[in-house]
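Encoded as structure tokens, the structure appears first; notes follow it.
Any read-out appearing in this document is the output of simple, stated calculations on the displayed coordinates, not a laboratory observation. The structure displayed is predicted, hence computed values, not measured ones. Ideal geometry is used to build each Cβ from the backbone, glycine not excepted, and the neighbour counts take in all protein chains shown.
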Amino acid sequence: MQTMLQLNPPLPVSTPKGKALAHVLIDYGPESHVLWLVFQDDTGEIWAWPNHKVRAQNNPSMERELPKA
């Protein structure tokens with residue numbers, strides 16, 4: 001069974017295409033990756049990224065500094 005969760009507020013994430021805001025999580029079940037439905041900051045494109053391609057953005061106020069790739 002498919003489950004969808006609207007994120008309120010949207011979460012700032014990093015994707016292979018750059019920074020984005022995640023608006024929806026889609027879960028198709030135990031044999032599938034969770035998908036993050038995001039709006040890309042630079043282009044406005046809407047992408048559905050599998051979980052392993054999405055990371056939280058840096059947030060110095062929360063002391064979250066991500067390693068440089």
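Taking R0 as 35 Å, what's the FRET efficiency between Gln57 and Met1 from their Cβ-Cβ distance, rounded to 0.05?
Details: r = 31 Å, r/R0 = 0.88.
For R0 = 35 Å, the calculated efficiency reads 0.70.
Full-extension gain between Asp42 and Leu21, please, as 0.36 nm times their residue separation minus the C-alpha to C-alpha distance. The partial results should precede the final answer.
Details: separation 21, 0.36 × 21 = 7.56 nm, distance 1.09 nm.
Once the chain is fully extended between Asp42 and Leu21, it gains 6.5 nm.
Run the Debye formula on the Cα coordinates of region 3-60, all scatterers equal and no solvent, and tell me log10 I(q)/I(0) at q = 0.12, 0.22, 0.25, 0.27 1/Å.
Normalising to I(0) and taking log10 leaves -0.25, -0.80, -1.00, -1.12.
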